[in-house]
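Below is one structure, written out as structure tokens; comments come after it.
The values are calculated or read from the model by the stated rules, or taken from the named source; none is laboratory data. Here the structure is a predicted model, which means the values were calculated and not measured. Virtual Cβ from ideal backbone geometry, glycine too; neighbours counted across all protein chains shown. All accessible areas refer to the heavy atoms of the entire protein, side chains included, with ligands and DNA or RNA removed. Shrake-Rupley method; radii C 1.70, N 1.55, O 1.52, S 1.80 Å.
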Amino acid sequence: MSEFHYQNGEMFAEQVSLTQLAESVGTPAYVYSRSAIEAAYQEYAEPLADMPHKICFAVKANSNLGVLNVLAKQDAGFDIVSVGELERVIAAGGKPDNVVFSGVGKQDHEICRALEVGVWCFNIESIPELDRLQDIAADMGKTASVSLRVNPNVDAQTHPYISTGLKDNKFGIDIEKADEIYLRASRLSNISIQGVDCHIGSQLTSMDPFLDALDLLLALVDRLAEKGIKLSHLDLGGGLGVTYKNEQPPAKADFIKAVRERIGKRKLSLVLEPGRSIIANAGVLLTRVELLKHTDHKNFAVIDGAMNDLIRPALYGSWHAINPVIPRGGEEQVYDVVGPVCETSDFLGKERSLCLESGDLLAVMSAGAYGMVMASNFNTRGRPAEVMVDGSKADLVRRRETVADQLALECLPGEKACF
Ligand SMILES: Cc1ncc(COP(=O)(O)O)c(C=O)c1O
Ligand SMILES: N[C@@H](CCCC[NH3+])C(=O)O
């Protein structure tokens, strides 16, 4: 049974009534299920239990401290792309020595902080970045563990905005240049080469691109070994897709089985950086219908959630199921479910058959990944509250943002000179 299920005609998150929750914390609110997060994490951890591995949750998918804390307690590692994400991991009880630092543009102060706290590995994406890391590590008297993120030029067959493993994309080091850059890195005094990394994109629903990339990485590992550069881990990134509508991504166990077969007898530990496949289906966006607007052409359900709360439909045309918390069972009408923001792209769903009245609660499903992290204050809307449900308990893990929170950062001209 899904953690978000109907019980006596009402949607619950685990054993918590979403109606009661909405009354208590208001809407819109993100609601996460602890047991769904733990189960998704374990689907990775269990098939890897008998081999050296690290499952580094991609913090960019959901960086709420409550979510990170649940994963830290599962002994998860973390994949970060900024010092902000690093501080979140630490604040949530995660260990820096379980952290991989990814990203094409790590700044000096971010590298310093990461070296200071002792992150496990830097995933390096270019020669200037490698040289920058060498210089900073030398200044600090540290040695930085490094893996090179290679760009294998493999088509991930996903939305072009979230495809990262093609030559045209800004990510990684061209696989054809990788051998010489490894040799260069091996001569740097404060760099310790540990692994190889790639991440070809997000929301992949087929195994083939992963395996094509893996074959290229393994060939590189073998070539480097012949040149005396022995790698100890292979990081295949994240990217495994989830079901939003009718997609059928590979099961995590099948994915891991196929990867392990390819790795074979090589002495490599396996690192994965899953984001979406851990948290997407562990969260919903709970929102209330403000009013129903019927025109000659369309019916609109205007809700209190909007593109600033969940931008995926506006940005990628993504589809999220939208389910009533208490289904009415009457005649359905076709609605565009839209927010109050002044943009035509402000919709969370188009042409949905629903039986609605104003005041009804709706759950926008599969909203745990790339939801709150991409929320903005567009139209000076406060970002939603976030709640972590655990059995019959519900904890507020982020309070709703107020207008005062937003105004607090700003001044009138003349109040604060820059120099
Ligand atoms: C370097 C890196 N690792 C991991 C991820 C997580 O990807 P996903 O959420 O698709 O698992 C991303 C995002 O696409 C990424 O850029
Ligand atoms: N933001 C994207 C995923 C980006 C992955 C980042 N590397 C989404 O909502 O699907």
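Values as computed for the structure displayed
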quantity	calculated
Test result for G359, within 16 Å of I303 (Cβ to Cβ) and free of Cβ contacts under 8 Å to residues at least 40 places away in the same chain	no
Wholly within the range 277-361, strands (runs of 3 or more DSSP E) carrying at least 3 residues that are out of contact with any Asp or Glu (no Cβ under 7 Å at 6 or more places or on another chain)	283-294, 333-338, 347-354
Subset tally (residues that are within 16 Å of ligand 1 (Cβ to nearest atom) and not aliphatic (A, V, I, L, M)) for the range 170-211	14
Given (1) closer than 22 Å to D197 by Cα; (2) touching a residue at least 60 places away in the same chain (Cβ under 8 Å); (3) out of contact with any Asp or Glu (no Cβ under 9 Å at 6 or more places or on another chain); (4) outside the structural domain of T164 (by TED's automatic domain parsing), index of the condition V89 fails	(2)
Among the candidates S63, S35, S17, residue that is more than 16 Å from ligand 2 (Cβ to nearest atom) and in contact (Cβ under 8 Å) with a residue 40 or more places away in the chain	S35
Residues (within 16 Å of ligand 2 (Cβ to nearest atom) and within 22 Å of L133 (Cβ to Cβ)) located in the range 151-185	N151, T164, N169, K170, F171, G172
Filtered residue count, the range 368-414, keeping only those that are touching a residue at least 24 places away in the same chain (Cβ under 8 Å) and either of a type in the set (A, V, I, L, M) or part of a strand (DSSP E or B) (or both)	17
Conditions (1) under 26 Å from the mean Cα position of the chain (by Cα); (2) surrounded by 19 or more Cβ atoms within 10 Å (Cβ to Cβ); number of the one not met by N323	(2)
L217 away from ligand 2 (no atom under 15 Å from the Cβ) and either within 19 Å of the chain's Cα centre (by Cα) or open to solvent by 50 Å² or more (accessible area, probe 1.4 Å) (or both)	no
Evaluation of L285 against (1) among the aliphatic types (A, V, I, L, M); (2) away from ligand 1 (no atom under 16 Å from the Cβ); (3) more than 18 Å from D360 (Cα to Cα) (one fails), failing number	(3)
Per-region count, the range 134-150, residues closer than 15 Å to V81 by Cβ and more than 16 Å from ligand 2 (Cβ to nearest atom)	1
Residue within the range 236-246 that is in contact (Cβ under 8 Å) with a residue 40 or more places away in the chain, surrounded by fewer than 16 Cβ atoms within 10 Å (Cβ to Cβ), out of contact with any strand residue (DSSP E or B) (no Cβ under 9 Å at 6 or more places or on another chain) and not hydroxyl-bearing (S, T, Y) present	yes
Flag if S145 is open to solvent by 10 Å² or more (accessible area, probe 1.4 Å), small (G, A, S) and closer than 26 Å to Q248 by Cβ	no
Cβ pairs under 6 Å, 6+ apart, first in the range 305-317 and assigned by TED's automatic domain parsing to the domain that holds N377, second open to solvent by less than 10 Å² (accessible area, probe 1.4 Å) and within 16 Å of ligand 1 (Cβ to nearest atom)	L310/A367; L310/G371
Hey, K267 away from ligand 2 (no atom under 16 Å from the Cβ), farther than 19 Å from G165 by Cα, surrounded by fewer than 16 Cβ atoms within 10 Å (Cβ to Cβ) and not aliphatic (A, V, I, L, M) or not	yes
L285, sole failed condition from (1) open to solvent by less than 20 Å² (accessible area, probe 1.4 Å); (2) assigned by TED's automatic domain parsing to the domain that holds P209; (3) within 14 Å of ligand 2 (Cβ to nearest atom)	(2)
When residues of the range 188-207 are limited to those that are within 16 Å of ligand 2 (Cβ to nearest atom) and open to solvent by 30 Å² or more (accessible area, probe 1.4 Å), the one nearest to the chain's Cα centre (by Cα)	H199
For F101: the one exception among (1) farther than 21 Å from D197 by Cα; (2) modelled with pLDDT of 95 or more	(1)
